[in-house]
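Accompanying notes for the structure given below.
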Amino acid sequence: MKKLLYIALALVVFAGCSSKTPDKRLYMWLDCEANFERLSTPDSIDYYMARIKDLGFTDVVADVKSIMGEVLYKSDIAPYMGEWDGVERPLDYDMLAEVEAACRKYGLGCFASLNVFAGGHNFVKRGIIYNEHPEWQTIGWWHNQLLPVSQMDFTYNGMVNPANPEVREYQISILEEFARKYPTIDGLIFDRVRYNDIWADFSPLSLADFAAYAGLAETPKPADILTWYEDEEGKWQHKPERYFKEWLEYRANVIKSFVEEAHERLKAINPNLILGDYTGAWYPTYYYMGVNWASEKYNPAEYFDWATENYYKTGYADLLDVYMTGLYYTPITKQEMDDQLTALGMRGEDGMDATSREYWYCVEGGAELAEQITCGVVPVVGSIYVEQYMHDEERFGRAVTQAIESCSGGMMLFDLCHIVNHNWWDTLRLAIERAE
C-alpha cells in the first residue's frame, strides 16, 4: 500500500493541483550529531515526537549513520557511535527503536537516513578513514596536486571512493543489515550517495576504471581531465580538459549503478521498504558531486554543455519511491529572483517566462526545476535548511510554505535542532497551516 501511495503521488505531479492535499507529506529530519544528546533518552524522544506531530508533521527521518561512518545501533559491520561531544550512550541503547515506538504512538511515519559514502569528520579527525579503512578514502585532485581527503582540512566531509568495489560492497552490506534489523521501519533515505566535489576521486583505481569505461587505450592522468589555475582575483578555478565530459558521465554512472544494486538488494529483503534519496536541488551544477538525480526521461544534453549525449542514462530518479531535494536558497519566489536579476541588469527586456532555467536559484523555481527534471516518476519533497534563515524568521516561514505548495511530495525540514535552538515552533506551525 505504501508503494501504491507514492506511485499515485508521482502520477499527479503535473496535474496542476496547487492545494495541499492529505497525500503531501511533511518530514522532520533528526541529524544524528546535532541531536545526539536530545535523543539519548526515551522520555526526551517521546517529548519531541509529540511536539513534531502537534506541528502537523506526518513523518520523521532519523539519521542513524553519521558522516564518520559510525552507526547509532549495534552492528556487526559498522562501528558504533557511542559518544559525541561528551555525551555517551551504551551499546545496547537502540535510539531508532525508541524513535519508531514514539512515532507509532503519535501516528508518525518513521524513516531512517544513512550517510552512504561518508567516512570521516575531518574537523575532529574521526571516522573509518582514520581508523578502520584509511585505504578507502577519496583521493582529491586539488590545485594540480593529489591529496587524500583526510589531509584536505577545508572540507569537514571525509568521504570514501564510490568506485572502489570493496567500499560498495561494505556500504550495501550495512544497508542490508539495517533492513533486516528494522523490518517494520517505513523507509530508508540515502544521503551522501555521491562524491565529495569536482576534485574527487582521482585515485589510480578510479582513473583505471574510467579508462575501461570510456574505452581508452591508456589510463589518463588527472590533468587530462581537469586542471587548476588562479584567476585574476587569486581564486583557484578548474578548467575542463580533454576527457572532462566523459569523466562526468563516468562518475554519474558509478553512482547510478550503486543505486541500482542497493535498490535490488534492499527490495529483495523488504519489498515494502520505501526507498528515497536526498540531494541538493542545484542540478545545473550538481554534476560537481558526480550525481544525476534526474529521470532517464530527461536529457540534460539538450540544456547543459557539460553533459554528454549519453549522460541521461545515468539518471536514477526512476529507482526511487521518494526524492528529497535541498531548496537551500535565500530567495523564495520567482518574482524575488526576477527582481534581483533586474537590479543586477541581468534580466531581458521581456523578463523571464516560467520555464526559464534562471529561476532555479530560489525555492519556488528550484522546486519547479526538480519536478521537471524528475519527469513525474517520483514525488519531489522540497527540503528547507532552517539555519539559512537564522537572521530572518519571517523569511524562514515563507520558505516552508513555498516548499509545501510547490512540491508534489511535500516538505522536509532540516533540522529539529534549529527549531529548538531558535524557538521557532510557532512560526513553523503557522507556515504549515497557511500552505494551500
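The values are calculated or read from the model by the stated rules, or taken from the named source; none is laboratory data. Being a predicted model, the structure only gives us computed values, none of them experimental. Cβ: placed from backbone, ideal geometry, glycine included. Neighbour counts: every protein chain shown.
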Please go through region 133-153 and give me each residue that is surrounded by fewer than 17 Cβ atoms within 10 Å (Cβ to Cβ) and modelled with pLDDT of 95 or more, ordered by number. 134, 135, 143, 144, 145, 146, 147, 148, 151
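Given the criterion touching a helix residue (DSSP H, G or I) at 6+ places or on another chain (Cβ under 9 Å) and part of a loop (DSSP other than H, G, I, E, B), identify the matching residue among 200, 262, 252.
On the way: 262 fails: part of a loop (DSSP other than H, G, I, E, B); 252 fails: part of a loop (DSSP other than H, G, I, E, B).
Sole residue among the options that is touching a helix residue (DSSP H, G or I) at 6+ places or on another chain (Cβ under 9 Å) and part of a loop (DSSP other than H, G, I, E, B): 200.
Return the residues of region 157-197 that are among the polar types (S, T, N, Q) and either in a loop (DSSP other than H, G, I, E, B) or closer than 24 Å to residue 325 by Cα (or both); say none if nothing qualifies. Walk me through it before giving the result.
Pass one, region 157-197, residues among the polar types (S, T, N, Q): 157, 161, 164, 171, 173, 184, 196.
Passing the criteria: 157, 161, 164, 171, 184, 196.
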Find all pairs meeting these conditions: Cβ atoms under 7 angstrom apart; at least six residues apart or on different chains; first residue within region 411-436 and of a type in the set (Asp, Glu) and crowded, with 20+ Cβ neighbours inside 10 Å; second residue at pLDDT 95 or above and part of a helix (DSSP H, G or I). 415/386
Return yes or no: is residue 430 at negative phi and assigned to a helix (DSSP H, G or I)? yes
Quick one: which residue in 387, 394, 405 is surrounded by fewer than 24 Cβ atoms within 10 Å (Cβ to Cβ), among the acidic types (Asp, Glu) and in contact with an Asp or Glu (Cβ under 7 Å, 6 or more places away or on another chain)? 405
Confirm whether residue 394 is modelled with pLDDT under 95 and either closer than 20 Å to residue 335 by Cα or among the aromatic types (Phe, Trp, Tyr) (or both). no
Please go through region 118-156 and give me each residue that is part of a helix (DSSP H, G or I) and either in contact with a Leu (Cβ under 9 Å, 6 or more places away or on another chain) or closer than 24 Å to residue 34 by Cα (or both), ordered by number. 149, 150
Residue ID - surrounded by the most Cβ atoms within 10 Å (Cβ to Cβ), chosen from residues in region 38-79 that are in contact with a Pro (Cβ under 8 Å, 6 or more places away or on another chain) and not charged (D, E, K, R): 69
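Residues of region 286-339 being in a loop (DSSP other than H, G, I, E, B) and acidic (Asp, Glu), which ones? Quick ask: steps written out before the conclusion?
In the first step, residues of region 286-339 are kept if they are in a loop (DSSP other than H, G, I, E, B); the result is 290-299, 303-310, 315-316, 320-321, 327-333.
Within region 286-339, 296, 305, 309, 321 meet the criteria.
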Give region 402-436 a look and list any residue that's more than 17 Å from residue 370 (Cα to Cα) and in contact with a Lys or Arg (Cβ under 8 Å, 6 or more places away or on another chain), or say none. 416, 417, 420, 425, 431, 435, 436
Determine, yes or no, whether residue 250 is over 21 Å from residue 370 (Cβ atoms) and not acidic (Asp, Glu). yes
Select, from 128, 139, the only residue that is of a type in the set (A, V, I, L, M), in contact (Cβ under 8 Å) with a residue 12 or more places away in the chain and touching an Asp or Glu at 6+ places or on another chain (Cβ under 7 Å). 139
Taking residue 119 as the residue in question, decide whether it is on the phi > 0 side of the Ramachandran plot and surrounded by 21 or more Cβ atoms within 10 Å (Cβ to Cβ). no
Checked pairs for region 211-240, first within 19 Å of residue 144 (Cβ to Cβ), second among the small types (Gly, Ala, Ser), C-beta under 7 Å and 6 or more apart or across chains, list as 219/208; 219/211; 220/211
So which of 171, 151 ends up being free of Cβ contacts under 8 Å to residues at least 24 places away in the same chain and of a type in the set (S, T, N, Q)? 151
Any chance you could count how many residues in region 358-382 are surrounded by fewer than 24 Cβ atoms within 10 Å (Cβ to Cβ) and either among the small types (Gly, Ala, Ser) or over 21 Å from residue 298 (Cα atoms) (or both)? 1
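Looking at 103, 110, which one is assigned to a helix (DSSP H, G or I), under 25 Å from residue 189 (Cα atoms) and within 24 Å of the chain's Cα centre (by Cα)? Reasoning before the result, please.
Details: 110 fails: assigned to a helix (DSSP H, G or I).
From the options 103, 110, the qualifying one is 103.
For region 390-436, what are the residues that are of a type in the set (D, E, K, R) and under 19 Å from the mean Cα position of the chain (by Cα)?
If we filter region 390-436 for residues that are of a type in the set (D, E, K, R), which is where we start, we get 392-395, 398, 405, 415, 426, 429, 433-434, 436.
Listed by number, the list holds a single entry, 415.
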Do we have residue 385 as free of Cβ contacts under 8 Å to residues at least 60 places away in the same chain and either more than 21 Å from residue 109 (Cβ to Cβ) or hydroxyl-bearing (Ser, Thr, Tyr) (or both) here? yes
Is there a residue in region 91-111 that is crowded, with 17+ Cβ neighbours inside 10 Å, in contact with a strand residue (DSSP E or B) (Cβ under 9 Å, 6 or more places away or on another chain) and of a type in the set (Lys, Arg)? no
